Amino acid sequence: MRIVRISDFDELARWADQWDRLAGGAPFRGWTWNATWWRHFGRAKGDQARLFVLLVEDQTGSLVGLAPFYHESTSGQGRVVRLLGSEDACADYLGIPCLPGFEERVAEALASWLTARREGPDADDCWDRIELFDVDAADQVAARLAENLAAQGNTVHERPGPSGWRIELPGIVPEYVAAFSKNARKKFRRVQRNWLDSGRASMQTVQSANELNEALDILIDLHERRRQALGEPGCFASPMFTAFHREVARKMLVQGHLLLHVLRVDGRPIAADYHFAGAGVVYAYQGGVDPERLDFEPGRMITTATLIWAIENGYRAYDLMRGDEPYKMHWQAQQVGNVEYRIVAPHAVAQLRHAAWLAGRGAKDLIRWTLQPLWKR
């Protein structure tokens, strides 16, 4: 196996199609999400951050895996290698794209390359810590990479990440509804009958670039007004976050990975859902509802409409993503795992920083556990 490190964006762009092939349709692992994230969030970090993508080639020169990393160096944190695509963008199920059947060999090659260079002569390759956060717990390459790095003398700290919640969808709507409690079935069918089937409520699914800008404006307006009504800033209050999503939504639409729904009642938009899709799964990323029409239960209404749409369009799962909100269990979602790996080089300064982090994290976890509702303990 041969490892090639790429730090130039234009050079990396040449590998976009092969990157997507390895990602297998998972939207948060693909080229578009990660490249757009780097342009908006990575470059904003300034000179202290640079791309650190590791391509893994087999003996024929074919790309069989890649580690979508960037490298950030600060006086307080040291030299840290992280995954592209998450942090402020709040993506779940990240990982290391890999050709099936090459997981072990890719993990071994990456671990050997990284260990050999953690204190090597090339300062551009050196690292004190590797953070693999928001990783799909089922990602074999990330898990085996952590195991191999531990075997080569690095300290590995593994902990659960934010839980995701996924609804496995049957082939027909009645089969999905039949699994509800009697009361939940009534509510689902009432929305379906009184609002959707009657035509009083209609759901638009964005199909073109011309529809996209208007729908995004509606989504942002509803989301921000709802958060403000709760006394909180919405995520779209950040110009960087908004600019990122306007660009990534436009590109995902072209690729068939964007699902943006707007629900109207009597012609007025009362809810919008911003989702991504790939490999048969709908990922419910963000939404907004009209705070002045909560009596219509717009959140329930658009979720009902979207689930019907997803089942009728052949999707196998509807993923509500991170967060342990009680409403997710109402929709028959089951908990799925994300995991965090924190890998620390064995030299003294890195280990001291890690010890301080562990002490601080333990105190924060205790406070968080004490304050959370009893049902979550």
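The values are calculated or read from the model by the stated rules, or taken from the named source; none is laboratory data. For clarity, every value in this text was computed on a predicted model and none was experimentally measured. Because the Cβ atoms are built from the backbone with ideal geometry, glycine has one as well, and the counts that use them run over all protein chains shown.
Here residue 270 fulfils each of the conditions (1) part of a helix (DSSP H, G or I); (2) over 20 Å from residue 133 (Cβ atoms); (3) aliphatic (A, V, I, L, M); (4) in contact (Cβ under 8 Å) with a residue 24 or more places away in the chain apart from (1). Considering each residue of the stretch 47-77, count those that are of a type outside the set (Phe, Trp, Tyr) and not in a strand (DSSP E or B), and give that number. Looking only at that region, the number is 11. For the condition of a type in the set (Gly, Ala, Ser) and under 19 Å from the mean Cα position of the chain (by Cα), residue 256 qualifies. The number of residues in the stretch 41-50 that are touching a residue at least 24 places away in the same chain (Cβ under 8 Å) and either charged (D, E, K, R) or crowded, with 20+ Cβ neighbours inside 10 Å (or both) comes to 4. Every residue in the stretch 50-96 that is more than 18 Å from residue 13 (Cα to Cα) and among the hydrophobic types (A, V, I, L, M, F, W, C), please. Scanning the stretch 50-96 gives 80, 81, 89, 90, 91, 94.
Which of the residues belonging to the stretch 309-341 are touching a residue at least 12 places away in the same chain (Cβ under 8 Å), more than 19 Å from residue 203 (Cα to Cα) and of a type in the set (D, E, K, R)? Matches in the stretch 309-341: 316, 319, 322, 324, 328, 340. Of all residues in the stretch 52-70, those being surrounded by fewer than 20 Cβ atoms within 10 Å (Cβ to Cβ) and either farther than 24 Å from residue 105 by Cβ or among the hydrophobic types (A, V, I, L, M, F, W, C) (or both) number 2. If you go through the stretch 160-193 and pick out every residue that is touching a strand residue (DSSP E or B) at 6+ places or on another chain (Cβ under 9 Å) and modelled with pLDDT under 95, you end up with 5.
Is there a residue in the stretch 5-16 that is within 20 Å of the chain's Cα centre (by Cα) and either in the same structural domain as residue 346 (by TED's automatic domain parsing) or under 19 Å from residue 340 (Cβ atoms) (or both)? Looking for residues that are within 20 Å of the chain's Cα centre (by Cα) and either in the same structural domain as residue 346 (by TED's automatic domain parsing) or under 19 Å from residue 340 (Cβ atoms) (or both), one finds at least one in the stretch 5-16, hence yes. Taken over the stretch 297-330, residues that are modelled with pLDDT of 95 or more, over 13 Å from residue 273 (Cβ atoms) and touching a strand residue (DSSP E or B) at 6+ places or on another chain (Cβ under 6 Å) amount to 2. Here residue 179 passes the criteria (1) closer than 24 Å to residue 316 by Cα; (2) more than 30 Å from the chain's Cα centre (by Cα); (3) touching a residue at least 60 places away in the same chain (Cβ under 8 Å) except the one numbered (2).
Among the residues making up the stretch 78-93, a single one is in a helix (DSSP H, G or I) and surrounded by 22 or more Cβ atoms within 10 Å (Cβ to Cβ): 89. Only a single item in (1) at pLDDT 95 or above; (2) among the hydrophobic types (A, V, I, L, M, F, W, C); (3) touching an Asp or Glu at 6+ places or on another chain (Cβ under 9 Å) is not met by residue 349, and it is number (1). If you go through the stretch 36-70 and pick out every residue that is touching a Ser or Thr at 6+ places or on another chain (Cβ under 8 Å) and under 18 Å from residue 115 (Cα atoms), you end up with 2. Of the residues in the stretch 368-377, not one is under 23 Å from the mean Cα position of the chain (by Cα) and at pLDDT 95 or above.
Being within 21 Å of residue 297 (Cβ to Cβ), part of a helix (DSSP H, G or I) and free of Cβ contacts under 8 Å to residues at least 12 places away in the same chain is a property that does not hold for residue 226. Is it the case that the stretch 94-113 has a residue that's acidic (Asp, Glu), closer than 30 Å to residue 329 by Cα, surrounded by fewer than 21 Cβ atoms within 10 Å (Cβ to Cβ) and in contact (Cβ under 8 Å) with a residue 60 or more places away in the chain? No, the stretch 94-113 contains no residue that is acidic (Asp, Glu), closer than 30 Å to residue 329 by Cα, surrounded by fewer than 21 Cβ atoms within 10 Å (Cβ to Cβ) and in contact (Cβ under 8 Å) with a residue 60 or more places away in the chain. Within the stretch 220-247, restricting attention to residues that are among the aliphatic types (A, V, I, L, M) and in contact with a Pro (Cβ under 9 Å, 6 or more places away or on another chain), which residue is nearest to residue 91 (Cα to Cα)? Here the residue is 222. Residue check: residue 92 meets all listed conditions (1) under 25 Å from the mean Cα position of the chain (by Cα); (2) closer than 12 Å to residue 67 by Cβ but one, namely (2).
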